[in-house]
Amino acid sequence: MGKQVKTIGVLTSGGDAPGMNAAVRAVVRTGISKGLNVVGVRRGYNGLINGDLIDMSLRSVSDIIHRGGTMLYTARCDEFRYESGLQKATQTCIDHGIDGVVVIGGDGSFRGARDLSLRGIPCVGIPGTIDNDIACTDYTIGYDTAMNTAMEMIDKCRDTAQSHDRCLVVEVMGRRCGDIALNTGIACGATSIVVPEVPFDMQKDCLERIQKDLTRGKRHFIIIVAEGYGKVEEIAQQVGDFTGITARALVLGHVQRGGNPSVRDRVMASEMGHYAIEKLLCNGIGNRVIALKDSKIVDFDILEALEQKKEFNMELYRIAHEISI
Ligand SMILES: Nc1ncnc2c1ncn2[C@@H]1O[C@H](COP(=O)(O)OP(=O)(O)OP(=O)(O)O)[C@@H](O)[C@H]1O
Ligand SMILES: O=P(O)(O)OC[C@H]1O[C@](O)(CO)[C@@H](O)[C@@H]1O
Ligand SMILES: [Mg+2]
């Protein structure tokens, strides 16, 4: 049990993710119902450095549960990585009586939360990133919506690939993590899925597959590439040169980060936001991240969480490969 907490801050940091608003709402409402003052910090760690704060009320988080983006805005804040930025942020917390901060963001944001916790401001991290790249948790808020958006977009691409007898090579987001690519690849019946976690033999796993499929009467193809592998233009060129079919490259981009959150993201955000306050910050417990493990919400020490290594689902990858013939 830590010191008594009266006022907490909440911020969103790193890339926005659908469901961040639902998490902010849960944090604010749980905090207020436990008798805490809740302060919204705008534009990630920039808001702590510059004192860009707003008082939150039960009504200030009305009508946001269904919205993408984040009502608190978000940012990547370089200054916060350095001593001067950290010092200013700590001072803002002291000046405004902020006894703890909920940080909704990805792994980078958690590193910041650890640094601030070490400065005596207990922080709790809630995983909010479309990338699903945080090792300690099976799920990150935004991942489900992003995958469904990517799937819808790829379905549309499929119509045009089919009409023109073409191959479309589509890059999806995920930073160094291939989870979005693997799942949307399966969901869209991709011929090949290319991810940074698994060595890829272009000749055998892609070009010869397409060549063989052409002899079996298949005329259009979708290849899904994780951004951590990239090179979609190069792959499209190789497919065209080797097979003779027309290939086009497409980077889906930021459309994957927008849109109304799915049921899963809204519920997960609500549960995690509630847990962050009731189980941790309310009791002055910080330097923790919330995680989903084996379908249960749990928490870890931030440092231990960041040291864990994320495992790629090789079994799912094998299945995808086997059924995409
Ligand atoms: N090593 C670090 N030490 C302190 N703060 C950090 C560190 N790394 C990142 N941060 C802070 O967290 C912010 C967000 O980090 P980052 O850009 O890596 O996104 P993220 O939280 O991982 O989310 P996403 O990957 O979904 O965009 C950074 O702009 C910076 O303010
Ligand atoms: O919006 P930005 O700053 O270009 O960042 C893009 C990155 O952010 C993410 O969308 C979320 O981490 C990654 O998938 C992508 O690599
Ligand atoms: Mg990240």
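The values are calculated or read from the model by the stated rules, or taken from the named source; none is laboratory data. The structure displayed is predicted, hence computed values, not measured ones. Note: ideal-geometry Cβ built from the backbone for every residue, glycine included; neighbour counts use all protein chains shown. For accessibility, only protein heavy atoms count, side chains too; no ligands or nucleic acids. Shrake-Rupley method; radii C 1.70, N 1.55, O 1.52, S 1.80 Å.
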**Per-q log10 I(q)/I(0), region 29-181, q = 0.13, 0.14, 0.17 Å⁻¹ (Debye; single scatterer per alpha-carbon; no solvent)** = -0.71, -0.79, -1.05
**Overall dimensions of region 198-325 as given by Cα atoms, namely Rg and Dmax in Å** = 21.4, 66
**Asked** Using a 1.4 Å probe on the protein chains only, how many percent of the accessible area of the chain belongs to carbon and sulfur?
**Response** 47
**Message:** Compute the angle between helix 20-33 and the longest alpha-carbon principal axis of the chain, please, reported from 0 to 90 degrees and rounded to the nearest 10.
**Reply:** 20
**Prompt:** Which of Lys3/Lys309; Lys3/Lys34; Lys156/Lys310; Lys6/Lys88; Lys34/Lys309; Lys156/Lys309 have a Cα-Cα distance over 27 Å?
**Reply:** Lys3/Lys309; Lys156/Lys310; Lys34/Lys309; Lys156/Lys309
**Asked** How are the Cα pair distances of region 145-257 distributed, in percent, across 10 Å bins from 0?
**Response** 16, 52, 29, 3
**Request:** Convert 20 °C to kelvin, take the viscosity as 1.002 mPa s, use the Kirkwood radius over C-alpha pairs of region 93-195 as Rh, and evaluate the Stokes-Einstein diffusion coefficient in µm²/s, rounded to a whole number.
**Result:** 135
**Asked** What's the FRET efficiency of Asp201 with Arg264 using the Cβ-Cβ distance as r and R₀ = 41 Å, to the nearest 0.05?
**Response** 0.75
**Complete:** Of all C-alpha pairs within the chain, those more than 36 angstrom apart amount in percent to 27
**Asked** What whole number of Å gives the distance from the Cα centroid of region 249-325 to the Cα centroid of region 74-129?
**Response** 20
**Complete:** region 178-325 accessible area per residue, 1.4 Å probe, protein heavy atoms, integer Å², reads 49
**Prompt:** Which of the chymotrypsin sites (Phe, Trp or Tyr not before Pro) found in region 46-83 are loop residues per DSSP with 11 or fewer other Cβ atoms within 10 Å of their Cβ?
**Reply:** Tyr82
**Asked** At a Förster distance of 41 Å, what's the computed FRET efficiency of Glu271 paired with Gln237, Cβ-Cβ distance as r, to 0.05?
**Response** 0.35
**Reach of Lys296 by Cα under 14 Å, taken over aspartates and glutamates that are not fewer than 8 positions away in the same chain** = Asp138, Glu271
**Message:** Calculate the FRET efficiency for Thr7 and Glu315 from the Cβ-Cβ distance with a Förster distance of 35 Å, rounded to the nearest 0.05.
**Reply:** 0.15
**Message:** On a straight-distance basis, which lysines could pair with Lys218 in a cross-link, Cα separation under 18 angstrom, same-chain partners fewer than 8 positions away excluded?
**Reply:** Lys204
**Asked** Across 5 Å bins from 0, what is the distribution of all Cα-Cα pair distances for region 1-113, in whole percents?
**Response** 2, 13, 24, 25, 20, 12, 4, 0
**Prompt:** Can you list residues whose amide H is under 5 Å from Cys167's amide H, if they're 5+ apart or on another chain and H is modeled 1.01 Å from N?
**Reply:** Phe221, Thr246, Ala247, Arg248
